[in-house]
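Bear in mind these aren't lab numbers, they're just calculated from the coordinates by the rules spelled out. Predicted model, so just to flag it, every value in this text is computed and none were measured. Counting neighbours? That spans all protein chains shown, and the Cβs are built from the backbone with ideal geometry, glycine included.
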There are 4 protein chains.
Amino acid sequence: MLTPGDLILLVSPKGKQYLRKFDPTTNLHTQDGVLVMQQAQAVGYGGVIATHMGHPYRILRPSTYELIKGVKRSTQIMYPKEIGYAILKLGIGPGTRVVEAGSGSGGMTTALAYHVGDTGRVYTFERRPEFYDLAGKNLEAAGLSHRVSRFNHDISQGFAPEGMIPGDPATDPSGADALFLDVRTPWDHLEQVAAVVCPGAPVGFLLPTTNQISDLLRGLETSPFEDVEVLEILIRRYKPVADRLRPEDRMVAHTGFLIFARHAGTPFNGVVPVLPKTHPDREPFEDEAMPAAHAASDVPPGETVPTRDASLETEISSTDETTPVDPS
Amino acid sequence: MLTPGDLILLVSPKGKQYLRKFDPTTNLHTQDGVLVMQQAQAVGYGGVIATHMGHPYRILRPSTYELIKGVKRSTQIMYPKEIGYAILKLGIGPGTRVVEAGSGSGGMTTALAYHVGDTGRVYTFERRPEFYDLAGKNLEAAGLSHRVSRFNHDISQGFAPEGMIPGDPATDPSGADALFLDVRTPWDHLEQVAAVVCPGAPVGFLLPTTNQISDLLRGLETSPFEDVEVLEILIRRYKPVADRLRPEDRMVAHTGFLIFARHAGTPFNGVVPVLPKTHPDREPFEDEAMPAAHAASDVPPGETVPTRDASLETEISSTDETTPVDPS
Amino acid sequence: MLTPGDLILLVSPKGKQYLRKFDPTTNLHTQDGVLVMQQAQAVGYGGVIATHMGHPYRILRPSTYELIKGVKRSTQIMYPKEIGYAILKLGIGPGTRVVEAGSGSGGMTTALAYHVGDTGRVYTFERRPEFYDLAGKNLEAAGLSHRVSRFNHDISQGFAPEGMIPGDPATDPSGADALFLDVRTPWDHLEQVAAVVCPGAPVGFLLPTTNQISDLLRGLETSPFEDVEVLEILIRRYKPVADRLRPEDRMVAHTGFLIFARHAGTPFNGVVPVLPKTHPDREPFEDEAMPAAHAASDVPPGETVPTRDASLETEISSTDETTPVDPS
Amino acid sequence: MLTPGDLILLVSPKGKQYLRKFDPTTNLHTQDGVLVMQQAQAVGYGGVIATHMGHPYRILRPSTYELIKGVKRSTQIMYPKEIGYAILKLGIGPGTRVVEAGSGSGGMTTALAYHVGDTGRVYTFERRPEFYDLAGKNLEAAGLSHRVSRFNHDISQGFAPEGMIPGDPATDPSGADALFLDVRTPWDHLEQVAAVVCPGAPVGFLLPTTNQISDLLRGLETSPFEDVEVLEILIRRYKPVADRLRPEDRMVAHTGFLIFARHAGTPFNGVVPVLPKTHPDREPFEDEAMPAAHAASDVPPGETVPTRDASLETEISSTDETTPVDPS
């Protein structure tokens, strides 16, 4: 059963996709004929309705991937490969309060709003009116605008938007849990970034050129940030043909570099302790001794399972060194 | 202010990390001396406490990335690069009900449980007792076990665990919104997969070898699934040095292949319509005309912004072709 | 000074390239007007001549890369990234005798013929008449046909072409130093391959799909070959813009997999000794401790130079363990 | 039959390799016992001799790959993946005269010397005495020193070494066909580079950092060079297991960036014509319409072969537009 306002993805017999809010009072004119949307109500997600010419359309619940893909764009938007990783690095989940600039077309905003849920909030800043408007429309179309505070505001003046009511969850982004910047000169805004997030918060950046990475690294070097990482993510697709399996001929080779850092936290005895700017042991997660093989999927029946990886245990350590405080 | 039970990440002056549930009644014995955890309560996230030898430790709120990283493992666990992407492809977010097998060490389970929030649920199956136990411990350590139903159960007998009460949200995974399989022979379980998810649900698989991909593709060809994708994700890290920027010398070259598909949905006039097994236009998202440059970050001041990308609009189309149903 | 018959690459003001044999008796009609080729004789390589409309054309000596690029093709040809690596792995150089099948359009043949010089020889087999002819034309255009013996011959009948005169360097490929196979089912020809090369010779294969790799590996397992390697080569290009350096947006993601092996050599005491099918330590060349940095280009003045890498020395060892035979 | 001085690669039963010049008057002490080298003379390449303890050693003719691998190094040497590609881009083959700096450990020098044959020549410059000596020893060990002129000379003073006799093929590198620079600040030497190569010659550079690329691009912008390319080459290896085929877990992610350019050639009517600094159509070679599939290896029997690719033909055009000059 669909409820009016539910997001639906309509898929044509040829795989063409339409992202819509379900409205049983409308008809959808497709190239295969007219769909009477009221028919969708009964069949629900996974069901099929036919156009007046008899062509079946599947009704699907859109995934986050498809929500992002459905964003109308005037700019390049972030790709799911970067968004998915950033979501994990920034710890975005139900209840998170996250700041973003610029909004652009609202692709990243959509993903953030989806993941923070009704208990979190996205504060997104955009100085260009046409993008401010576009992002708003896209969030509305995705049914997520109620989780987002949008500001047509230039962050070079800080993250305190006009009309901000200090302490108001809807207009005051102070103490945000995380922040993501997709702007041209992020190094110009590091002080403002440090001021708007809570101590120790993770922050992320997207930049297209190596020169910008160098500039940002110089900025981070003299700002209260630590634990800096620079990386890029590549997706390689395969032709899904069982007997002639091989990679696609071409791939996207570059969409942007991701840079992550941590706000350096609060002072201790009057000074912010100098923790490493970069952690030499930051990557062990992907540099472990036991690679590639997923035990569940890769160990033939009867083979032994690898023993416990002690090295990891010591890295993010277990609780067994903790001792109860003597109550006496 | 920390509350007992809050997850904290303690970072040593050298960057060593400890993931813990905050317990003000304990001391933590580190190689830098003893930390009295009660001191952490006042300083909170981002703050610093010192060992009895005077070494400062930062207290951080762990990100999802760090939660996954903190999982103790006896097997290879999934990496954030694959987890983040799968989260988006499967549409995992607040409220999602998702099925997983096998649990393995619980890395993916942790991420799923984090993202579904208190309104969603993770059903995870594991036939090997030692992993069933390990995943349970890891979820407990991450403070997420209340969102997870764990079953020590072999899925070759289906996803109906012993003791399942039909319709009970805690024990009955039926009609799940999404499913992820990290097992050795997923093609043996496709009927059961189709039976446990809701019509049209997205499903994902992780496999280490090309032979397994071919086998799975053959299985999907004769099962009620469509819209098949095969891909892999690579992360390339850079040395974060502004004046000598370059990629790391080595990288992880392979952790596994990801395969995604859609349950084919419910019948229409008695038959399930044959939608494309694979969508030739599935990748346009990453094959657009306007690449690499992020308008916000890449267009120098004064340059014009690229015009609206009409091609995308038509792909996941806007609502303007819909017309109100004539109420007469 | 150019000599008639010299290969020249003519480059238009816009970068368009024409590969030709220099013939001072002709005119070349370009879209920029007519070039009187006799004028090229005096100006020579690196010089410029103008069309009758005054547009300057540069005259260059074509590199091997450009010779390969200039091959007219009806099929996909091998790319320089694979050819260059194969040349090194197969030890192709002045004097080498190398067998190839199929000729295809002659791209690899051109590269082989260029490198073996006038003292070596390429024996190339092609069963399809149209490619046999095309490769011949391309070799003629590149001025390299005198180094190549071409056979319109199906190698499933072995590498003994019709009309072969045993021991004749022009028609008998026996005892070849190396061999390269770019055919659809190379596993069907491994006996013939083993018969035509000299003992211990390196052989290479190009295959587009993973299924073919598995089939070839099975064939090599039961044939007199050892030291098997499977790899692929990726080229990633950058936009050559100093202040906005970044990778190209797209790249070629797959052209083919390369497989290399060694003929297992001659028997010893009646049996061919079982050497490793694959060498676990085969890759140390690219797995050394001292990576990325090229001492010459990367060590700032005044920094110390890394000390001698002893590990490598022992791998392909120096001569200091050899002792003169006692002449007494 | 081996001749004294022939290069041999001795392979132990476990795959350990020893690169040697064949000397029938010596014994080789291995960890498997003593090899009497005189026995190798009769068995020749591909043959086997046994140690006094009975362990069989294969005798192989080393490939160029193995010659490079056998270089003893104090620095990082260039890898075959870069060397092979550079050989093609620079057009190195029998008869080529090529300049190189710095010599480093002599890895690239070895490859260049191998390919230029006895009719070509390598001029290699190295300012650091310890590397000058090391490269000399390595070339001697590879039996290639007679093709190389080595200079212990700082190229910031130009490529005219002390003791140079103008016009002497052994000491005067003037008019070289190609040049390769692996030095820290190549932009400081572009005038000297332009002076030593022949007009229109291809030149190559290896650099580890993106900052250096930007600096070099700026230098090339104001120097007589054109047709600039920046790229990197990645090798991905697979575990050669037929039934469990998959990429190696790790790979080398960065060894260096390659930059190629062309000397801009000689003046025309007093000025060097401005040809494109970079060719927008430079990559069509790898951007063709008909990718991945190698017709010979990939088209199943009975399928049609792709038709002639006309686009390529026009790029490096055939001779049919040329017309004989009217002799009247």
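Is the C-alpha gyration tensor of region C:137-182 telling us rounded, prolate or oblate? Criteria: a/c under 1.5 is rounded; beyond that, a/b larger than b/c is prolate, otherwise oblate.
Details: a/c = 1.66, a/b = 1.45, b/c = 1.14.
Here region C:137-182 falls in the prolate category.
Normalising by the residue count of region C:103-176, find the relative contact order in percent from Cα pairs under 8 Å and 6+ residues apart.
Values: 105 pairs, mean separation 23.1, N = 74.
Computed over region C:103-176, the figure is 31 percent.
Give me the inter-chain shielding for A:189-200: mean count of other chain Cβ atoms within 10 Å, whole number please. List each step's numbers first, then the result.
Numbers: counts 0, 0, 0, 0, 0, 0, 0, 0, 1, 4, 10, 11.
Partner Cβ neighbours, averaged per residue: 2.
Given a cut-off of 18 Å, name the pairs among A:16/A:72; B:21/B:69; D:72/D:239; A:16/A:137; C:69/C:137; A:81/B:89 whose C-alpha atoms lie farther apart than that in the structure shown.
Values: A:16/A:72 16 Å; B:21/B:69 15 Å; D:72/D:239 28 Å; A:16/A:137 22 Å; C:69/C:137 14 Å; A:81/B:89 10 Å.
Going by Cα-Cα distance, D:72/D:239; A:16/A:137 fall outside the 18 Å limit.
Return the long-range amide H neighbours of residue D:7 (sequence gap of 5 or more, or a different chain), with a cut-off of under 5 Å between placed amide H atoms.
D:22
HN-Hα J couplings of region C:78-83 from phi, Karplus 6.51/-1.76/1.60, θ = phi - 60°, integer Hz, Gly and Pro as x?
6, 8, x, 4, 7, 4
How far is the Cα center of region C:188-219 from the Cα center of region B:89-134, in Å?
Cα centroid of region C:188-219 versus Cα centroid of region B:89-134: 45 Å apart.
Just to be sure I understand the model, the point goes 7 Å from the Cα along the line to the Cβ. What's the resulting residue B:133 to residue D:52 distance in nm?
Distance between the two pseudo-spin positions: 5.7 nm.
What ³J(HN,Hα) values, in whole Hz, does the Karplus curve 6.51 cos²θ - 1.76 cosθ + 1.60 give for region C:148-161 when θ = phi - 60°, with x put for Gly and Pro?
Running phi through 6.51 cos²θ - 1.76 cosθ + 1.60 with θ = phi - 60° gives 10, 9, 9, 10, 8, 8, 8, 6, 5, 9, x, 9, 9, x Hz.
Rounded to the nearest 20 debye, what is the charge dipole size of region A:142-196 about its Cα centre when +1 sits on each Lys and Arg Cβ and -1 on each Asp and Glu Cβ? Display every interim value, and only then the final one.
Details: 3 positive and 8 negative charges, 41 e Å.
That gives region A:142-196 a dipole magnitude of about 200 debye.
What ranking of B:191, B:248 emerges when the number of other C-beta atoms within 10 Å of each C-beta is taken as an exposure proxy, fewest first?
On the way: B:191 12, B:248 19.
Going from sparsest to densest Cβ surroundings: B:191, B:248.
Using the Cα centre as the reference, give the magnitude of the dipole from point charges on the C-beta atoms of region B:204-267 (Lys, Arg: +1; Asp, Glu: -1; all else neutral), rounded to the nearest 20 debye. If you can, show how the numbers build up before the last one.
Details: 8 positive and 9 negative charges, 92 e Å.
In debye, rounded to 20, region B:204-267 gives about 440.
Of all alpha-carbon pairs in region C:105-194, indicate the percentage at a distance above 22 angstrom. Working shown, then result.
On the way: 882 of 4005 pairs.
Result for the distance tail: 22 percent.
If you put +1 on each Lys and Arg Cβ and -1 on each Asp and Glu Cβ, how big is the dipole of region D:147-256 around its Cα centre, in Debye rounded to 20? Before the final figure, lay out each step's value.
On the way: 10 positive and 17 negative charges, 168 e Å.
That gives a dipole near 800 debye.
With unit charges on the beta carbon (Lys/Arg positive, Asp/Glu negative), name the residue among B:77, B:131, B:178 whose Cα is farthest towards the positive pole of the charge dipole of region B:50-196.
The residue sitting most towards the positive pole is B:77.
In whole Å, how far is the Cα centre of region A:1-56 from that of region B:25-51?
Cα centroid of region A:1-56 versus Cα centroid of region B:25-51: 57 Å apart.
Using the beta-carbon distance between residue C:1 and residue A:157 and R0 = 60 Å, what value does 1/(1 + (r/R0)^6) give for FRET efficiency, to the nearest 0.05? Can you show the working numbers first?
Details: r = 69 Å, r/R0 = 1.15.
The calculated FRET efficiency here is 0.30.
Hey, what do the phi angles of region D:34-41 turn into as Karplus ³J(HN,Hα) couplings, whole Hz, using 6.51/-1.76/1.60 and θ = phi - 60°, x for Gly and Pro?
Going residue by residue, I get 9, 9, 8, 5, 4, 5, 5, 4 Hz, with x marking Gly and Pro.
Fewest first, what order do B:182, B:32 take by the number of other Cβ atoms within 10 Å?
Details: B:182 28, B:32 18.
Fewest to most other Cβ atoms nearby, the residues stand as B:32, B:182.
Show the residues, 5+ positions off or on another chain, whose built amide H is closer than 5 Å to the amide H of residue B:75.
Under 5 Å from the amide H of residue B:75 lie the amide H atoms of B:105, each far enough along the sequence or on another chain.
So for A:7, B:90, fewest C-beta neighbours within 10 Å to most, what's the order?
Values: A:7 19, B:90 24.
Going from sparsest to densest Cβ surroundings: A:7, B:90.
Report relative contact order for region A:1-153 in percent, whole number only (criteria: Cα-Cα under 8 Å, sequence separation at least 6). Don't jump to the answer; show the numbers that get you there.
On the way: 307 pairs, mean separation 27.4, N = 153.
Once divided by the residue count of region A:1-153, the mean separation gives 18 percent.
Over every pair of different alpha-carbon atoms in region D:166-210, take the mean of 1/r and invert it; report that Kirkwood radius in Å.
Numbers: mean 1/r = 0.0869 Å⁻¹.
Final number for the Kirkwood radius of region D:166-210 is 11.5 Å.
Using only atoms on other chains, find how many Cβ atoms lie within 10 Å of each Cβ of peptide B:150-156 and report the average. The partial results should precede the final answer.
Details: counts 0, 0, 0, 0, 0, 0, 0.
Partner-chain Cβ atoms within 10 Å, mean over residues of B:150-156: 0.
Which one, B:2, B:110, B:120, is farthest towards the positive end of the dipole of region B:1-129 when Lys and Arg carry +1 and Asp and Glu -1 on their Cβ?
Of the options given, the answer is B:110.
Over the whole of C:23-35, what's the average partner chain Cβ count within 10 Å per residue? Rounded to a whole number, please. All intermediate terms of the calculation are to be shown ahead of the outcome.
Numbers: counts 4, 1, 5, 6, 6, 5, 4, 2, 1, 0, 0, 2, 1.
Per residue, the number of nearby Cβ atoms from other chains is 3 on average.
Which distances, in nm and shortest first, link the residue D:168 label point to the same label point in every other copy, taking 7 Å along Cα→Cβ?
So the distances to the same position in the other copies read 4.8, 8.7, 9.6 nm.
Taking amide hydrogens as modeled 1.01 Å from N in the peptide plane, which residues meet the under 5 Å criterion relative to residue C:268, leaving out close sequence neighbours?
Counting only residues 5 or more places away or on other chains, the set is empty.
With unit charges on the beta carbon (Lys/Arg positive, Asp/Glu negative), name the residue among D:163, D:240, D:199 whose Cα is farthest towards the positive pole of the charge dipole of region D:141-252.
Ranked along the dipole, the leading option is D:240.
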